[in-house]
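Structure first, commentary second.
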Amino acid sequence: MMSESAKRPKRKTLPKFNSPRTALCTCPPKYNINPYLGRCTHNCLYCYAIKFPGFNGKVTPRLNLKREISEMVEGTRRRLPVMLSDSTDPYQPLEREYELTRGCLEVLVKHRFPILIVTKSDLVVRDIDLFKKTLTVVSMTITTCHDDIAALIEPNAPKPYARFQALKKVADEGIPTVVRIDPIIPTVNSDLNDLKQIVSRASKIGVKQITASTMKIVKGLPQLMRNANLHLYSRLMKIYSEGEWIGGYKYLKRNLRLGILKTLKAIVQEYGLEFATCREGFLELNTTICDGTFYCRKMLDGFLKHK
Ligand code: SF4
C-alpha cells in the first residue's frame, strides 16, 4: 500500500547551480535561474552557453516564471544565494518589456534569499530598490574599455562606459559590486593597458573584487567566430591549437593562462581590490570567493545559524 508521503506530489524547489558542468568550477553551493531561454541577444562571440541545447535558437521569455518561482520558494528550505544568471543575461533587451527578472526578484526578496546578479546590462539599475531589500551582490562583466573591441566580441551588449556608469550607481547605494573580466581573449582584450584601465576605473567607483578568466572554446564557437571575423578566427584557432581540453572546454596552454592571470592579479592588488579566477584551476591565485558571495556569505552563514 502506497504511503501518504509517496502519494503527495514532490515539492518543487529552486534549481541548484549545476557546477559539475566542468571540473574546475569552485563556486560554493547556490541556486540559479535563467529567466530567458534560447540564444541570449547580447550575442557574445565567446558565449559558452551555446554548448547547451536550451540556449540556442530564438530567445524565449519564460512567461510563467514568477508563478513557478513562487511555488519553488515554498519548497526550498536553505536560504542559499540565487544567481541570475549563468547561461543568459537576466537584463537582456527583452527584459525591458517582459520584466521576468524583476518578477523573480520580487518573490526572492520577499523570502529573503540572497541575490547574485551577473550581467552586462545597464538596465540592472532599474532593480536597485529590490537589491536593497536583501543581501545582494552585483557582478558586471566588463572585458574591455574599448568600444570597438566590445562591438566585436559583445555586439549587442551596452558599451563599456554604460556598464561602468550603471555599476557606479549600484555601488553608490552601498550594494557590493564585482567586475568580471570574463573572458580574456589573447590578442583581443589582453592588452595590459586595457586591463589596467578596467581595474583603475573599477576601483574608482567602489568595486570590491575583480573575477577573471581566459576564454574557453566550446563546440559551435569556432563557427560563430568564423562567421563574425575570419581573420580573428584563424588567429585564435592557431593559438588554441596548443591548448588542452578540460571537461569539454578547450583551454589555452596552461602557462599562458597562468601568465595572463598572474599579471592581472598584480594589477588588481596594486589597486587594493580582491581577486579571483573563474574555472581556471589556479585557486592559489584567489584572494576571495570567485562568484562574489563572500559579500553576502558572512552574514548569510550567521543567518543560517539562527534559522
Ligand atoms: S551576455 Fe552572457 S549569456 Fe549573453 S551572450 Fe553574452 S556571454 Fe552569453
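The values are calculated or read from the model by the stated rules, or taken from the named source; none is laboratory data. Treat the numbers as computed from the prediction; the structure is a model and nothing was measured. Heads up, the Cβs are rebuilt from the backbone with ideal geometry, glycines too, and the neighbour counts pull from every protein chain shown. Ligands, DNA and RNA are excluded from the accessible area calculation, which covers all protein heavy atoms including side chains. Shrake-Rupley method; radii C 1.70, N 1.55, O 1.52, S 1.80 Å.
Quick notes on this structure:
- Taking amide H positions as modeled 1.01 Å from N, with prolines and chain starts lacking one, the residues under 5 Å from residue 275 and 5 or more places away or on another chain are 210, 287, 288.
- Estimated FRET transfer efficiency (residue 219, residue 16; beta-carbon r; R0 22 Å; 0.05): 0.35
- Taking amide hydrogens as placed 1.01 Å from N in the peptide plane, the amide H of residue 139 sits under 5 Å from those of 117, 118, 119, 178, each at least 5 positions away in sequence or on another chain.
- Heavy-atom accessible surface of the chain: percent carbon and sulfur, 1.4 Å: 54
- Across segment 164-171, computed HN-Hα scalar couplings (Karplus, 6.51 cos²θ - 1.76 cosθ + 1.60, θ = phi - 60°) run 4, 4, 5, 5, 4, 4, 5, 5 Hz from first to last residue, x flagging Gly and Pro.
- For the residue pairs 10/110; 133/169; 51/120; 51/196; 133/208; 10/216, the alpha carbons lie more than 27 Å apart in 51/196; 10/216.
- Taking every protein chain into account, the accessible area of the chain amounts to 46 square angstrom per residue (probe 1.4 Å).
- Over the chain: helical MRE at 222 nm, DSSP H runs n ≥ 4 each giving -39500 (n - 2.57), nearest 500: -11000 deg cm²/dmol
- What the Cα atoms of segment 13-305 give is an Rg and a Dmax of 18.1, 55 Å.
- Built amide H within the under 5 Å cut-off of residue 82, gap 5+: 31, 115, 116
- In order along segment 113-128, the phi-based Karplus estimate (6.51 cos²θ - 1.76 cosθ + 1.60, θ = phi - 60°) of 3J(HN,Hα) comes to 7, x, 10, 10, 9, 10, 8, 10, 10, 6, 5, 4, 5, 4, 9, 4 Hz; Gly and Pro are listed as x.
- Ranked packing of 74-80, 205-211, 170-176, most packed first, by mean Cβ within 10 Å: 205-211, 170-176, 74-80
- Bridges between two residues of the chain, per DSSP, are antiparallel at a rate of about 25%.
- Shown in residue order for segment 267-284 are the 3J(HN,Hα) couplings computed by the Karplus curve 6.51 cos²θ - 1.76 cosθ + 1.60 at θ = phi - 60°: 5, 4, 6, 4, 8, x, 9, 7, 9, 8, 10, 10, 6, 10, x, 10, 4, 4 Hz (x for Gly and Pro).
- In summary, segment 209-279 shows an alpha-carbon radius of gyration equal to 1.27 times the 2.2 N^0.38 Å reference for compact globular proteins.
- Modelled this way, with points 7 Å down the Cα-to-C-beta line, the labels at residue 58 and residue 284 are 5.2 nm from one another.
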